[in-house]
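Below you'll find the structure, written out as structure tokens, and then a few comments.
The values are calculated or read from the model by the stated rules, or taken from the named source; none is laboratory data. Note that this is a predicted model, so its numbers are computed, not measured. Using ideal geometry, Cβ is built from the backbone for each residue, glycine included, and neighbour counts are taken over all protein chains shown. Accessible surface areas use protein heavy atoms only, side chains included; no ligands, DNA or RNA. Shrake-Rupley method; radii C 1.70, N 1.55, O 1.52, S 1.80 Å.
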Amino acid sequence: MEAEAADGPPGGVEAALSCFSFNQDCTSLAIGTKAGYKLFSLSSVEQLDQVHGSNEIPDVYIVERLFSSSLVVVVSHTKPRQMNVYHFKKGTEICNYNYSSNILSIRLNRQRLLVCLEEAIYIHNIKDMKLLKTILDIPANPAGLCALSINHSNSYVAYPGSLTTGEIVLYDGHSLKTVCTIAAHEGTLAAITFNASGSKLASASEKGTVIRVFSVPDGRKLYEFRRGMKRYVTISSLVFSMDSQFLCASSNTETVHIFKLEHLTNSRPEEPSTWTGYMGKMFMAASNYLPAQVSDMMNQDRAFATGRLHFSGQRNICTLSTIQKLPRLLVASSDGHLYIYNLDPQDGGECVLIKTHSLLSSGTTEENKENDLRPPLPQSYAATVARPSTSSASTVPGYSEDGGALRGEVIPEHEFATGPVCLDDENEFPPAPKDVLVESCHLFANDDALAGLGRCSLQASRTLTLLRRW
């Protein structure tokens, strides 16, 4: 699942990384620096393999890769209004688009590409980059907060619907119509994310104390988790595991929280056998007579597992991924490191740090010697975490059973929603003739139309340039 770093290093200290993001299925990590950007494969715990690196565009602050394909989207501080789409294996630019203000975030799946500005969201058809819709009637969104379902069969979009409350607007990226609005929090939103199928939506407010999960598309509240009570925090990333069993949240504190999405059964013994059990039953009964806010707090679920970071205050993103058939917690930080933890999906508890990788020098690995992977983990633990895959085995060469790329083989390209269109052969998308077609499209708001019609209108001018194939 995709996550992106926030702007601005803490304490005025220059961060090593200007941005970092996991791709849609958490099999790749992209980082941006002053010099350019890099892409890494996340198929192994012991070794971090650099897939691609480029210094052609400096000062990158947005870099997003489409699954494990050759398509990568880059935005630089040198041209913050321009989105560049590249086929990095061929070293060619597919197209670039210019917008009316700075680009704040980009989201993409196999059918849609979203460009989020402070006061507008542009929805493109990713196959030909045609602009399908411009959402203009939105409140100011200075953080560029938005989410796109990675499931191209629904392509739901979520974005803030209010400047003062935590209202979420759910939008259908296929029909290009608003589905519903969700009153998620009393305070303004800090994070929103879909699960892999697009059937659930999680959110957190700027206080960062409560995380809620809603069903899609009806917006019904399914879960409510309490991250903490002692202090307000800034949520930096929020992501579901690919199987939607867990939800992970990182913040500006030293703790990453992992919540398990399961409803507790009511099969409790009528007569508690211990004093603590008796008191727990009494508190639950008393909650029915307490004010709603206090009762809700008592009924909120707490973290199932946690990951301890050796730092706080640094920008970071987290994700949950299956690597070498075991569940892992991954945390990338602005200091230029990737931390990999083991997660026990049965008992939870504190995740164990097993590896630290440097992202600034490929091939450099810092091991946590106390928790080295060799010798292998005991069979009892492996048996609990090696769950059978719920999806059918991939027939595409180069895929392992858990969906990651096998080491030593070329990372396989994605297939689009209709037809096996690959990005590493002569059928690359968008279709290119003998010469590579580079398209520059300038999108801007017409202030005269805004005064006359009450909303912005879109005008587009296209400049087509033929470049010789490298």
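Multiplying the residue separation of SER244 and THR178 by 0.36 nm and removing their Cα-Cα distance gives an extension gain of 21.3 nm. Rounded to the nearest 0.05, what FRET efficiency is calculated for SER197 and SER162 with R0 set to 22 Å and r the Cβ-Cβ distance? Once rounded, the FRET efficiency stands at 0.25. Taking the protein heavy atoms of the range 163-206 in the context of the full set of protein chains, the accessible area attributed to carbon and sulfur is 49 percent at 1.4 Å.
The stretch between SER312 and ASP59 holds 88.6 nm of extra length on full extension. This uses 0.36 nm per residue minus the Cα-Cα distance. Accessible surface computed residue by residue for the range 1-147, with neighbouring protein chains in place and a 1.4 Å probe, gives 31 Å² per residue.
Solvent-accessible area of ASP335, all protein chains in place: 40 Å² (probe radius 1.4 Å, heavy atoms, ligands and nucleic acids excluded). Potential lengthening of the chain between SER361 and SER44 amounts to 112.4 nm, from the contour at 0.36 nm per residue minus the alpha-carbon distance.
Share of carbon and sulfur in the accessible area of the range 37-112 stands at 41%, probe radius 1.4 Å.
Taking all protein chains into account, the per residue accessible area for the range 308-358 stands at 29 Å² (1.4 Å probe). Taking a Cβ cut-off of under 9 Å around PHE214, the surrounding Lys, Arg, Asp and Glu residues balance to a net charge of +3, with basic ones at +1 and acidic ones at -1.
THR306 contributes an accessible area of around 30 Å² to the protein surface, as traced by a 1.4 Å probe with all chains present. Under 1.5 on a/c is rounded, so check that first for the range 60-130, then, if it is not, pick prolate when a/b is larger than b/c and oblate when it is not; a ≥ b ≥ c are the square roots of the alpha carbon gyration tensor eigenvalues. It comes out oblate by the Cα gyration axes.
Size estimate for the range 136-223 follows the Kirkwood approach: the inverse of mean 1/r over distinct Cα pairs works out to 12.7 Å. Taking label positions 7 Å along the Cα-Cβ direction at both TYR232 and GLU118, the computed distance is 2.2 nm, reported to one decimal.
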